[in-house]
Structures are given as C-alpha cells and as structure tokens.
Amino acid sequence: MSTAAGSTSTAAFDRMWSDLEPVGRVAGGGYRRFAWTAQDHALREWFAQEAGRRGLDLVQDRVGNQWAWWWEGPGTVDDAARAGRRGVVVGSHLDSVPDGGAFDGPLGVVSSLAVVDRLRELGVRPAVPLAVTHFVDEEGARFGIACAGSRVLTGQLDRDRALGVTDADGITMGEALRSAGQDVGAYGPDPEALARVGAFVELHVEQGRALVDLDAPVAVASDIWPHGRWRFDFPGEANHAGTTRLVDRRDAMLGYADLVLGARHTATRRGCVATVGKVRVEPGGVNAIPSRVTGWLDARGAEEDQVVAMVEELTARGQEHGATVTRESWTPTTRFDPGLSERLRRVLEREDEVSVPVLGTGAGHDAGILATAGVPSAMLFVRNPTGVSHSPAEHAEREDCHAGVEALAACVADLVAGERP
C-alpha cells in the first residue's frame, strides 16, 4: 500500500504509538493491560484525550466500551440512524494477554484515530456518522471471558454471569467495575448503542505468517475459525511425595499430563490446533501429590466438525481419568459480511492496482462478535514479520503500520460516502 510520507496522519500515528508504549509494560518487553485496573484506566484516559484532541464526541455504552463520534451533519448521531444513515465504526481494543505484545488491539485503535486525521487531511466530510471505538476486556485475561465488552453489549453474554466471574484474587467483575467508578446498575446489553452502527471494520495485526509468505502488507479477512474453551477438573488425593508408594497414589497430575499430550496428537490428526495453556494445581506444594488439577483447553480449526470431534475425543480421554469437563465458551465459524468484505477488497485493489489477499483467522475478535449479532462487519490484517502474537515478539514494521492506516482510510472514505454495502 502506498503511504502518505510526512502526512499529518503518519505523524499522529507515530506520536500516539510512542505515548502508548510505556503503559502497562513489564520486564521482558511484554504488556499487562488487564480490564478495570490502573493500567486500563490510563488507557481509557488516553483514548478520551485523543478523542478530545480531534473534537470527537466521546460516549460510553452500558458496558464501558468507548465510542468517539465524528458527525457534522444535521441532528445527532441517533437522529442520523433513525433517518437511515447509520454510522461507520472502526476500532479495536487496548487490553492485553499476560506478557502480550504491543500490537494486538492497540494497532487497530491507533490506526483508527489516525484515519480521522487522514480523512480530514484529504478533505473528506462524512455523509454518515463515523466513530472510533475502544472495546473493553477483549482478551479476557483478568476474568477469563474473551470479548466480554462486545459480548455483553450485544447480549451474547448474560450480564449477571459477567458481573459474577472472578479474577485470580477472587474479585468479581462487578466489584472491579465499582472500584473503577463504573455504574454497575446500568451494566448490560445496549441495543441503542448498536443501533447507531451500520458497518464495523476492525484493523488488526496478523497473528500468523501468511502475509510474509504472500509478500503483502495488508489483507482482508474472510472468517474466524470455530473456537472454544473447556475446563478439565481432574480429581486426586493429596499425600506425601516422599513416603507414598507409587502404587498407592491418586495423582491428579497424571490425567492432566495425558490431556496435554492427547491434545497435541489429536489436533495433529484432525488438522486443528489445541492448546492447554493454563493450569491450576492443588495444594500446589513441591513435595505434595496433587489432589486436584484444573486445566483449560483451547480448541480451534478451520473445519467445525473436526474441532467438535477433537473435543469429544479429548473429553472422553479426560473422563477416563475421572475428570469433570465443562464447556466455558464455544463460537462456531463466523463469516464476515461478504458484501462489505468484497467492497473493501475492491477499494484496496483499485487504490494500488495489486491483488489483495483474503485470509481466514484462528483468532477471535470483537468484529466477530458484532458479526454474529447481525452488524455488517469486516477486518483488515497488517503484516507481522515474526508471525508471533500474544508475545513480546509480536511486531509490525512502521512502514506496514502506515500502509494499514492508508488502507483503512481508503476503505472508510468509501463507506462514509453514504452508500451502504
């Protein structure tokens, strides 16, 4: 993609990226930006300041997601929506996984704010409202529910369940919201906020190496693979590690170990991916036989039937060790709006006269939640030369970031012309 070297939007992107870099950064270069913490508050304040810098109208929905609206037409954004001119929304999230990278989420938010600058630089005056959004708690790192902000917004996650989940310290989300100054009584689905949205486009760093292999800086997304999370609780009996004969042991860790190895073998055979990335051991002593081990399975794949079959196999395998298996989440294949995605692809190919890749992804996103709720949604991916994500090694070159801004700006300029896809 061509970039506007030295443009206002390029300088704004670089400044915003630099301002965000230290927030929540930990030793080793990763980030810990968890929902409703001091770091999250700093990120929300940063977003509000950037909205104010651009004269955007900042509003918060009932969940705490932030929306910064640009509308110079007659009446309010709600008036425009009622008149059939529902808004175009761009954005992403700012939170991270534990020790995550800098780009997953923030790249989309920073790029979207820079797009406002770029459109103004080009003299674009939207015929429909345009918003930049910051979705809260997308990663689910603190409370264990991914895309909580968009799920509650759209009614796909029950408010009472969301408010009742706890973090590692036993603090409920409701308590965390109160501590952050949020109105817990108002917390819940917000159909009025959704009614303002006519199309949503999320730019995101690629979480893989496809664009490296294709030698392309930007791609359009086609779909999100089916994915889910399951909790395996393995029972055992605590006992002394030095005095208990092996034949007398009921070691909960053995069932867990079998799950980890089985996940790798079964995923390989079925063309899926499976990860056991979180474990809790009780009582947790070096010299104590585990009485209970809880492991969390993350399962994904391009073919839904293969993912389901894999999880069924692993469930049976865990039950042979006495495990109780609980499905904590499941999202079937999510296809982005074909008309909107095709429109974005055509815009980008017209801009640069090159073929633009169309890619599926195994990662979940707020765009997928909105798509499931019936909001026309699409995504753009920016090349990641390392192919690594959820790690400090996650990366995007500055030139590719600027290309992403240009690509998103071209797409948004087309969409805010008023004609719906």
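The values are calculated or read from the model by the stated rules, or taken from the named source; none is laboratory data. All of these numbers come straight from a predicted model, not from anything done at the bench. We place every Cβ from the backbone using ideal geometry, glycine too, and count neighbours over all the protein chains shown. For accessibility, only protein heavy atoms count, side chains too; no ligands or nucleic acids. Shrake-Rupley method; radii C 1.70, N 1.55, O 1.52, S 1.80 Å.
Largest first, the three principal axis extents of the alpha carbons in segment 141-204 are 39, 28, 20 Å in whole numbers. Please give the Cα centre distance for segment 45-96 versus segment 199-226, rounded to the nearest Å. The distance from the Cα centre of segment 45-96 to that of segment 199-226 comes to 25 Å. If R0 equals 22 Å, the separation of the Cβ atoms of residue 328 and residue 254 corresponds to a calculated FRET efficiency of about 0.40.
Ellipticity at 222 nm from helices only: DSSP H runs of n ≥ 4 in the chain, each -39500 (n - 2.57), divided by the residue count, give -11500 deg cm²/dmol.
Helix 304-319 and the long axis of the chain differ in direction by around 30°, with both axes built from C-alpha atoms.
Rolling a 1.4 Å probe over the protein heavy atoms gives the chain an accessible area of 42 Å² per residue.
Entry note, the chain: relative contact order of 22 percent, from Cα contacts under 8 Å with a spacing of 6+ residues.
Carbon-plus-sulfur accessible fraction, the chain (probe radius 1.4 Å, protein heavy atoms only): 48%. Expressed to the nearest 5 percent, the antiparallel share of DSSP beta bridges inside the chain is 70 percent.
How far, in degrees from 0 to 90, does helix 252-270 lean away from the longest principal axis of the Cα atoms of the chain, to the nearest 10? Orientation of helix 252-270: about 50 degrees from the principal axis.
Taking the longest Cα principal axis of the chain as reference, the axis of helix 8-20 is set at about 30 degrees. Hydrodynamic analysis of segment 297-421 uses the Kirkwood radius over alpha carbon pairs. Inserted into Stokes-Einstein at 25 °C and 0.890 mPa s, it gives a translational diffusion coefficient of 140 µm²/s.
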